[in-house]
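This report concerns only the one structure given below.
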Amino acid sequence: MTARGRFLQTYLTFSVFVLGFAVHVCLAQTSGNADALSPSQKLARDVFRELIEINTTVNVGSTKAAEAMAARLKAAGFPESDIQLLGPRPQNKNLVVRYRGKGALRPILLIGHLDVVEARREDWSMDPFTFLEKEGYFYGRGTSDMKCDDADIVANFIRLKNEGFVPDRDLILALTEDEETGDANGVQWLLANRRDLIDAEFAINLEGGSGDLQHSKPILVEVQTSEKVFVSFQLEVKNEGGHSSLPVKENAIYRLAAGLIRLSQFDFPVRLNETTRTFFERIAGKETGQTKSDMLAILKTPLDTAAADRLAASSPYYNAMMRTTWVPTLLSGGHAENALPQSARATVNCRMLPDDTPENILATFHRILADSQIIVTQLAEARPAPLSPLRDDVMHNVEKLTASMWPGVPVTPVMSTGATDGKFLRQAGIPVYGVSGMFFDIDDIRAHGKDERIGVKEFYDGVVFMYQFIKLMTQ
């Protein structure tokens with residue numbers, strides 16, 4: 001072999017080695033191989049594993065998880081006097097930790113819930129309470145809702161403490177109990193019993209915001225600034241009944257069914273607020289054709305109702321973002337197979353816009369049903385949760401980080417069509433902003449379902465995002 005040939009062989013061998021090493025490192029970092037992780041990644045992974053493998057379903061409670069996180073934070077140097085474990089029952093304790101800052105401004109509260117929805121082994125492809133990494137995903141109950149974020153913030157508190165970072169204000173972390181069922185809701189309990197521990201200028205709810213993936217590509221980052229209010233009503237019809245062999249037209253089930261059909265044909269008026277208006281303005285930029293034209297049209301005054309109707313028909317999500325909604329969710333009637341029904345009942349679930357009221361909903365029921373024999377009863381109290389005004393610092397810092405980590409991905413405020421713990425803080429006068437760097441596939445949502453998971457890369461990127469976000473908000 002010539003000298004030139006030996007040189008080329010050596011060069012190619014070395015190049016293949018370097019390329020192979022680079023690919024190995026890249027894959028190891030993406031897969032979460034413990035031997036290739038940075039110290040901050042390993043810490044986040046360890047915390048995540050510990051949380052997933054602690055069962056925090058409603059019948060067990062979240063105290064063990066709260067205690068485990070308290071132990072980690074104490075070992076990292078947080079004073080015992082700044083770590084509080086408290087709650088209504090021994091199995092339902094919340095963790096509140098104060099990261100002391102310079103006191104230049106009022107504190108920021110960061111919240112996340114520790115409880116998870118029940119998961120049965122027979123319903124899953126693996127043990128839901130064993131942390132599993134497989135083919136680029138972390139599996140386990142709570143990996144997406146929302147122990148990924150709990151691990152994220154605990155690991156970052158520890159990392160920042162170890163680095164000697166001193167924020168310009170105190171940071172308060174509240175990892176709470178019972179968000180999923182509400183019987184011992186931690187945020188409600190803390191507001192009622194120890195508001196002094198969590199009182200803040202505003203709150204960051206790590207569950208409220210997130211990033212959207214489609215076909216494995218980031219497409220949108222959402223910052224939650226408001227949410228709809230949940231309230232249900234019962235519709236009931238009663239009459240004398242009789243023998244089923246002698247049917248009559250005046251039938252409780254018929255009358256109730258006729259009323260439900262009238263409800264199905266009614267839509268509440270479109271009413272945009274600061275959040276939803278900005279939402280449609282920003283996402284219109286990534287749409288094309290009729291959808292884009294319709295989004296721009298609903299922003300005009302007067303509102304283009306035909307455009308709103310097309311958007312509503314194209315997407316239940318867009319429909320829910322534009323208006324208060326109602327839908328029957330439960331139905332019952334009659335008492336025997338061979339008897340005319342003496343009663344028929346339906347439960348109608350409403351999701352109100354932040355500025356709507358139960359009184360308006362009740363008046364709308366009476367107007368649309370137009371039947372005094374259908375008795376409408378509100379089933380539980382509903383307290384409006386006001387819109388959190390857009391904060392320039394929150395939005396600017398989320399936009400800055402998104403542009404750095406996911407170039408070209410738009411950021412928009414959103415109104416949640418469901419509900420989170422943020423509503424209790426908003427009701428108490430503490431503005432809340434849902435912020436998280438975790439991304440989830442919009443076509444494969446597994447929260448509360450079988451084989452819940454989050455992408456390994458998405459988890460580590462989310463941890464980096466929150467680390468930088470905290471520093472930007474407190475320097």
key: Counting DSSP beta bridges with both ends in the chain, the antiparallel % (nearest 5)   = 65 percent
query = Taking Cα pairs under 8 Å and at least six residues apart, what relative contact order does the stretch 352-442 come out at, in percent?
reply = 29 percent
query = What's the Kirkwood radius of the stretch 361-416 in Å, using all Cα pairs?
reply = 15.7 Å
message = From the phi angles alone, apply the Karplus equation (6.51, -1.76, 1.60; θ = phi - 60°) to the stretch 103-114 and give each ³J(HN,Hα) in whole Hz, x where the residue is Gly or Pro.
response = x, 5, 9, 5, x, 10, 9, 10, 10, x, 9, 8
Built amide H within the under 5 Å cut-off of GLY101, gap 5+ = ASP170, LEU171
task = Take the alpha carbon atoms of the stretch 161-197, find their center, do the same for the stretch 241-288, and report the distance between the two centers in whole angstrom.
result = 38 Å
request  = Name the long-range amide H neighbours of VAL414: under 5 Å, sequence gap of 5 or more, or other chain; modelled H, no Pro or chain starts.
outcome  = VAL223, GLN224, THR225, SER226
inquiry  = Just want to confirm a number: the relative contact order over the stretch 277-325, from Cα pairs under 8 angstrom separated by 6+ residues, in percent.
reply    = 24 percent
key: Residues ALA419 and ALA258, FRET efficiency given R0 of 35 Å [Cβ-Cβ distance, rounded to 0.05]   = 0.65
inquiry  = As I understand it, the dipole of the stretch 111-210 uses +1 on the Cβ of Lys and Arg and -1 on the Cβ of Asp and Glu, about the Cα centre. Which of ASN185, VAL116, CYS148 lies farthest toward its positive end?
reply    = CYS148
query = Can you give the relative contact order of the chain as a percent, counting alpha carbon pairs under 8 Å and 6+ residues apart?
reply = 23 percent
ask   = So, in Å, what gap is there between the alpha-carbon centers of the stretch 29-101 and the stretch 311-353?
value = 40 Å
request  = Treat every Asp and Glu Cβ in the chain as -1 and every Lys and Arg Cβ as +1, leave all other atoms uncharged, and give the resulting dipole magnitude about the Cα centre to the nearest 20 debye.
outcome  = 820 debye
ask   = Summing Lys, Arg as +1 and Asp, Glu as -1, what charge do residues with Cβ under 11 Å from the Cβ of GLU236 carry, GLU236 excluded?
value = +3
request  = Name the residues whose placed amide hydrogens come within less than 5 Å of the amide hydrogen of ASP115, ignoring near sequence neighbours (fewer than 5 apart) on the same chain.
outcome  = ASP178, GLU179
key: Length gained when the stretch GLN290-GLN342 is fully extended (0.36 nm per residue, less Cα-Cα span)   = 13.7 nm
inquiry  = Can you tell me which lysines have their Cα less than 17 Å from the Cα of LYS249? Leave out same-chain residues fewer than eight positions away.
reply    = LYS238
remark   = Taking every other residue with Cβ under 13 Å from the Cβ of HIS215 and scoring Lys and Arg +1, Asp and Glu -1, one gets -3
key: Inter-site label distance for THR305 and ALA428 at 7 Å from Cα along Cβ, in nm   = 4.3 nm
query = Using θ = phi - 60° and the Karplus curve 6.51 cos²θ - 1.76 cosθ + 1.60, what whole-Hz ³J(HN,Hα) does each residue of the stretch 383-388 get, with Gly and Pro shown as x?
reply = 10, x, 10, x, 5, 7
Full-stretch length increase - ALA71, SER314 - with 0.36 nm per residue and alpha-carbon distance subtracted = 82.5 nm
ask   = What is the local net charge at LEU353, summed over the other residues whose Cβ is closer than 9 Å to its Cβ (Lys, Arg +1; Asp, Glu -1)?
value = +2
ask   = So, how do all the Cα-to-Cα distances of the stretch 260-343 break down into 10 Å bins, in percent, from 0 on up?
value = 15, 41, 18, 11, 9, 6
request  = Treating each Cα of the chain as an identical point scatterer and ignoring solvent, apply the Debye formula and state log10 I(q)/I(0) at q = 0.06, 0.08, 0.10, 0.11 Å⁻¹.
outcome  = -0.34, -0.57, -0.84, -0.98
query = Each residue of the stretch 217-233 in order: what ³J(HN,Hα) in whole Hz does its phi give by Karplus 6.51 cos²θ - 1.76 cosθ + 1.60, θ = phi - 60°, with x for Gly and Pro?
reply = 10, x, 10, 6, 10, 10, 10, 7, 10, 6, 8, 6, 9, 8, 7, 10, 10
Sum of -39500 (n - 2.57) over DSSP H runs of 4+, divided by residues of the chain (222 nm, nearest 500) = -12000 deg cm²/dmol
ask   = Taking the alpha carbon gyration tensor of the stretch 273-313, what are the square roots of 5 times its eigenvalues, largest first, to the nearest whole Å?
value = 14, 13, 8
request  = Please give the FRET efficiency for LYS238 paired with LYS217, using the beta carbon to beta carbon distance and R0 = 45 Å, rounded to the nearest 0.05.
outcome  = 0.20
inquiry  = Distance cut-off 24 Å, Cα to Cα: go down the list LYS42/LYS423; LYS42/LYS74; LYS93/LYS471; LYS42/LYS457; LYS42/LYS147; LYS217/LYS457 and report the pairs above it.
reply    = LYS42/LYS423; LYS93/LYS471
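The numbers here are math on the coordinates, done by the rules we state, and not lab data. This is a predicted model, so every value here is computed, not measured. Here Cβ is always computed from backbone atoms with ideal geometry, including for glycine, and neighbour counts include all displayed protein chains.
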